[in-house]
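Here the structure is laid out as structure tokens; the discussion comes afterwards.
The values are calculated or read from the model by the stated rules, or taken from the named source; none is laboratory data. All figures in this text were calculated on a predicted structure; none of them were measured in a lab. Cβ coordinates were reconstructed from backbone atoms using ideal geometry, including for glycine residues, and neighbour counts include every protein chain displayed.
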Amino acid sequence: MKHSYYLALLMACALPAKAQQRWTVADKVLDRSWKIQSSAVAAEDGKLVSSAGYNAAGWYPATVPGTVMSALVENKVYKDVFFDKNMEKIPGDRFNAPWWHRTTFDLPQPAAGQVVQLLFNGINYRADIWLNGQQIAAADTIRGGFRRFRFDVSHIVRKGVNVLAVKVTAPGKGEPTLGFVDWNPAPPDHNMGIWRDVHVLLTGPVALTQPFVQTTLDTVTLKRASVNVSTLLTNHSGKSVEGTLQGRIGSNILVSRKVSLPPHSAQKIVFSPKEYPQLNIDNPRVWWTRDLGKPELYQLQLQFTAGTTLTDTRQLRFGIRTVSDYINEDGHRGYRLNGRKLLIRGGGWTDPMLLNATPEYERAGIEYAVHMNLNTIRMEGFWGSNHHLYDLCDQKGLLIMAGWSAQWEWDNYFGAPAGDFGGIQTAEQQEVVAQSWKDQIVWLRNHPSVFAWVYGSDKLPLPELERRYESILAEYDPTRPALSSAHDNTSEVSGPAAVKMRGPYDYVPPVYWYVDDKNGGAFGFNTETGPGPEVPYLESLKKMIPEDSLWPFSSSWMYHAARGEFNNLDNYNNAMVNRLGGYVSLHDYLRKAQYLNYEGMRAMMEAFMANRPRATGIIQWMYNSSWPKLWWQLYDYYLLPTAAFYGARKAGEPLHISYNYGSHQVDVVNNTGVTAPPLQALIRVLDTNLKTVWQLDTIVNNLPAQDAVRLPALPAMPPGTQWYLDLKLKSKQLPVSRNFYVLSATPDALDTAKTNWYITPQQTYADLKQLQQLPLVKPDMRTQFSRRGDTTFARVTLKNTGSQPALMIHLDLRGKNSSAAIVPVFWEDNDFTLLPGESITVNGYCYTKNLEQQPPAVSLSGWNITPITQ
């Protein structure tokens with residue numbers, strides 16, 4: 001839709017039959033035909049650069065939204081910037097001067113009273129803006145990466161070709177811009193550019209802006225809802241205008257009001273359910289997260305007509321739902337959706353480092369979240385170059401926790417002194433972020449997926465700034481909770497945040513999440529945490545590390561680690577050696593890395609899900625990757641899932657059975673929105689000779705929604721032993737969950753006295769080294785493929801015909817003639833274990849276009865698996 005020449009958003013069904021459109025009503029997105037050049041090269045003034053006769057030969061083609069760096073990479077000025085340490089070779093001084101962004105667009109002959117506006121949704125950081133040889137804005141007022149700017153250019157535009165030129169200056173030290181903290185190196189251009197979409201808006205004299213839908217739901221019965229609709233009408237003309245504002249929801253709810261607007265005035269118009277009873281809805285279609293129900297959406301259409309002539313129209317989607325927060329008996333914050341408590345479970349989202357996400361990339365990331373059985377993504381910083389990501393979350397039933405970035409709160413990232421309340425100190429800084437706050441809320445507030453606004457990350461804002469934030473929320477969005485900090489701080493303005501950010505961020509063993517009761521363990525709402533590194537597969541490592549530096553470890557590895565305290569793999573590697581045995585080759589290291597990835601992520605998620613209601617939320621730090629790296633990722637930069645991905649998916653199964661590392665019991669968990677049917681839990685403990693040590697077959701009845709039940713403890717392990725724990729859960733004799741653990745009599749013991757903000761060290765390590773002695777197993781594999789629509793499906797049937805466990809079986813989907821894994825890819829299960837004689841059928845799929853016209857093939861690998869491809 002956005003690539004059409006004009007987006008005529010007309011609602012013919014709502015217009016009188018004889019209506020004649022005198023004014024063009026359209027929304028043109030300026031995303032193509034841009035060129036950029038440094039002002040150190042193109043030294044002419046804006047009047048000349050924005051003239052039709054200007055010669056832009058030698059300028060670089062660019063895409064908006066985008067950054068200068070992303071355009072230069074696209075034009076191959078800098079190649080392979082993410083490989084090895086190539087990023088270090090890019091001269092930063094090239095971005096000291098402002099960069100011109102120039103494009104042209106066509107307009108029809110304007111009718112009398114035609115209004116043309118330019119809308120910029122994000123420029124980083126300052127800009128001088130010129131149109132057809134005239135300056136319409138200067139950098140002294142156009143500042144702030146999260147500001148939105150709208151200009152009436154009706155008196156400047158002309159029929160035919162119009163020339164727009166924007167001179168963009170990178171953010172300086174102490175300016176509140178967008179950024180990535182310790183997740184990756186800072187881009188050399190500091191994300192300078194027009195990083196969000198630009199629109200040309202055409203209306204009649206009266207324009208519609210700031211449409212807003214507020215919904216109220218009877219959370220006891222879910223049978224009654226009310227909808228409040230408002231919008232701002234602005235008369236851009238020098239004459240009074242009388243007309244009709246009309247709104248339509250779906251096909252059967254219509255509201256209308258006569259409006260009179262004085263010259264050059266604006267008026268907020270509200271359709272309330274008290275005045276318009278049709279806005280009270282019986283048996284509404286309710287928006288739920290994907291784990292609790294269906295994310296139902298409604299369509300609102302607004303239009304203003306002067307007489308019988310349309311002057312402007314807007315369309316938006318919204319969901320009927322109510323979000324609220326609460327404090328549990330332990331003093332921890334939790335959230336309710338439509339009156340139901342839900343466990344927030346998600347990950348910290350980041351855009352690509354060069355802010356060049358494609359719709360396909362965002363779609364893959366959101367579909368991965370659904371596939372991992374998550375219900376939330378947290379955005380530290382208002383990421384996304386347009387509404388696409390938010391629209392996807394609305395459709396898929398994922399919550400979004402949106403808030404400011406911690407980079408403003410620390411001297412080394414902000415580039416200016418940051419005290420107890422962060423770096424936003426001066427009146428100018430406060431003005432920029434307060435106006436940015438308002439702009440972001442107005443921009444995003446109609447998305448049902450956004451459930452909380454977070455205006456502090458590691459620290460609280462200054463009290464006077466927090467009061468401004470709260471005032472803005474009261475005026476522009478009183479419908480959802482706000483959070484003063486993602487850390488457990490207490491504000492003099494709003495009281496305790498009642499969430500926690502106490503780590504860990506580095507490796508901890510599975511037992512940590514069950515036994516820690518002071519820091520990151522499974523209680524309260526942990527807004528960011530995780531078991532640290534998630535080293536990817538060899539295929540991805542080869543794309544970031546030179547062949548001669550792949551083994552042994554090199555400085556290139558560390559360059560692709562995180563920053564600060566996380567510019568290493570020390571704790572992760574130490575745990576690997578002590579728990580699984582020393583690594584003797586790159587292959588050995590990577591199989592052990594995936595074991596740690598799976599085991600660690602599964603345990604964290606399982607602990608929080610089993611510990612409801614004491615546990616109210618968990619955000620894995622991080623969800624995805626801004627660039628090719630070794631840390632904090634459920635899938636890597638190339639969209640290839642790590643084993644942690646499938647550990648998270650396993651833990652989040654709708655009905656799930658899991659091992660409790662703290663109590664040595666088995667938990668049966670209901671992650672759905674309804675009471676579970678009778679469930680049969682089968683527990684079997686085996687020694688390393690595969691002899692049954694202990695077993696239990698029991699029925700779990702009436703397990704409530706969002707709850708768990710704990711079964712009896714396993715017997716004590718004799719010293720020096722290693723056990724296999726085989727868990728299965730059935731409903732009506734059909735399997736609904738299967739899980740497998742390797743247990744050690746030697747415990748993972750924590751050295752809690754040495755806990756710091758990012759790790760709790762270990763005193764002793766579980767001994768799982770016997771796994772190194774497992775002989776190779778070659779499972780029997782049979783594959784079937786089919787295609788339906790744009791999707792290719794794989795059906796893989798496996799049987800372990802050997803005499804030992806087939807551990808951590810890993811499936812990849814590939815093109816028959818290619819060694820590259822197809823991404824995105826979606827397997828029902830992966831990185832699983834089969835005991836001797838066991839068989840399983842696993843379904844998966846990918847998008848057919850990604851096979852590039854090759855027949856599909858499945859490759860099989862794993863801890864002790866003889867590789868197979870067929």
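For residues in the stretch 154-195 being charged (D, E, K, R) and more than 24 Å from residue 51 (Cα to Cα), which is surrounded by the fewest Cβ atoms within 10 Å (Cβ to Cβ)? If we take residues in the stretch 154-195 being charged (D, E, K, R) and more than 24 Å from residue 51 (Cα to Cα), then 173 is surrounded by the fewest Cβ atoms within 10 Å (Cβ to Cβ).
When residues in the stretch 126-166 are screened for being in contact (Cβ under 8 Å) with a residue 60 or more places away in the chain and among the acidic types (Asp, Glu), 2 of them pass.
Among the residues of the stretch 399-441, those that are part of a strand (DSSP E or B) and under 26 Å from the mean Cα position of the chain (by Cα) comprise 399, 400, 401, 402, 403, 422. Quick check on this structure: which one of 508, 499 is among the aliphatic types (A, V, I, L, M), buried (at least 20 other Cβ atoms within 10 Å of the Cβ) and touching a Phe, Trp or Tyr at 6+ places or on another chain (Cβ under 6 Å)? On inspection, the qualifying residue turns out to be 499. Filtered by the rule that a residue be part of a loop (DSSP other than H, G, I, E, B) and modelled with pLDDT of 95 or more, the stretch 32-42 gives 39, 40, 41, 42.
With respect to residue 730, is the statement that it is under 23 Å from residue 654 (Cβ atoms) and out of contact with any Gly (no Cβ under 7 Å at 6 or more places or on another chain) true? Taking the combined requirement at face value, the residue satisfies it. When the stretch 331-372 is limited to residues that are touching a Pro at 6+ places or on another chain (Cβ under 8 Å) and in a loop (DSSP other than H, G, I, E, B), the one that is nearest to residue 395 (Cα to Cα) turns out to be 355.
If the condition is being assigned to a loop (DSSP other than H, G, I, E, B) and β-branched (Val, Ile, Thr), then the stretch 283-320 contributes 289, 308. Starting from the stretch 815-843, keep only residues that are among the acidic types (Asp, Glu), then list their pairs with residues that are modelled with pLDDT of 95 or more and assigned to a loop (DSSP other than H, G, I, E, B) whose Cβ atoms are within a distance under 7 Å, requiring at least 6 positions of separation or different chains. Going by the 7 Å Cβ cut-off, the qualifying pairs are 838/800.
Scanning the stretch 520-537 for residues that are of a type in the set (A, V, I, L, M) and closer than 18 Å to residue 634 by Cβ returns a single hit, 535.
Residues in the stretch 546-567 that are touching a residue at least 60 places away in the same chain (Cβ under 8 Å), over 14 Å from residue 636 (Cα atoms) and assigned to a loop (DSSP other than H, G, I, E, B): 546, 563.
Consider residue 582 carefully, then state whether it is among the small types (Gly, Ala, Ser), surrounded by 21 or more Cβ atoms within 10 Å (Cβ to Cβ) and modelled with pLDDT of 95 or more. Answer is no for this residue. As a summary of the residue check, residue 453 satisfies the conditions (1) touching a residue at least 24 places away in the same chain (Cβ under 8 Å); (2) of a type in the set (A, V, I, L, M, F, W, C); (3) surrounded by fewer than 22 Cβ atoms within 10 Å (Cβ to Cβ) except for the one numbered (3). Put simply, of 347, 293 the only residue that is within 22 Å of the chain's Cα centre (by Cα) and not assigned by TED's automatic domain parsing to the domain that holds residue 211 is 347. Scanning the stretch 541-561 turns up one or more residues that are within 29 Å of the chain's Cα centre (by Cα), modelled with pLDDT of 95 or more and among the small types (Gly, Ala, Ser). A count restricted to the stretch 716-756 and to residues that are farther than 17 Å from residue 513 by Cβ and not in a strand (DSSP E or B) stands at 13. Can you tell me which residues in the stretch 763-798 are within 32 Å of the chain's Cα centre (by Cα) and crowded, with 19+ Cβ neighbours inside 10 Å? Within the stretch 763-798, 792, 794, 796 qualify.
Taking the conditions exactly as written (among the basic types (Lys, Arg), under 15 Å from residue 301 (Cα atoms) and at pLDDT 95 or above), does residue 248 satisfy them or not? So residue 248 fits the description; yes. Given the criterion on the phi > 0 side of the Ramachandran plot, buried (at least 22 other Cβ atoms within 10 Å of the Cβ) and either without any contact (Cβ under 8 Å) to a residue 40 or more places away in the chain or not acidic (Asp, Glu) (or both), identify the matching residue among 384, 334. The conditions single out 384.
Evaluated against (1) crowded, with 21+ Cβ neighbours inside 10 Å; (2) over 26 Å from residue 293 (Cα atoms), residue 397 falls short on exactly one condition, (2). Of all residues in the stretch 304-313, none satisfies being modelled with pLDDT of 95 or more, within 28 Å of residue 615 (Cα to Cα) and either assigned by TED's automatic domain parsing to the domain that holds residue 607 or buried (at least 20 other Cβ atoms within 10 Å of the Cβ) (or both). If you go through the stretch 43-73 and keep only what is in contact with a Pro (Cβ under 8 Å, 6 or more places away or on another chain) and assigned to a loop (DSSP other than H, G, I, E, B), you end up with just 67. Residues in the stretch 550-576 that are crowded, with 17+ Cβ neighbours inside 10 Å and among the hydroxyl-bearing types (Ser, Thr, Tyr): 556, 559, 572.
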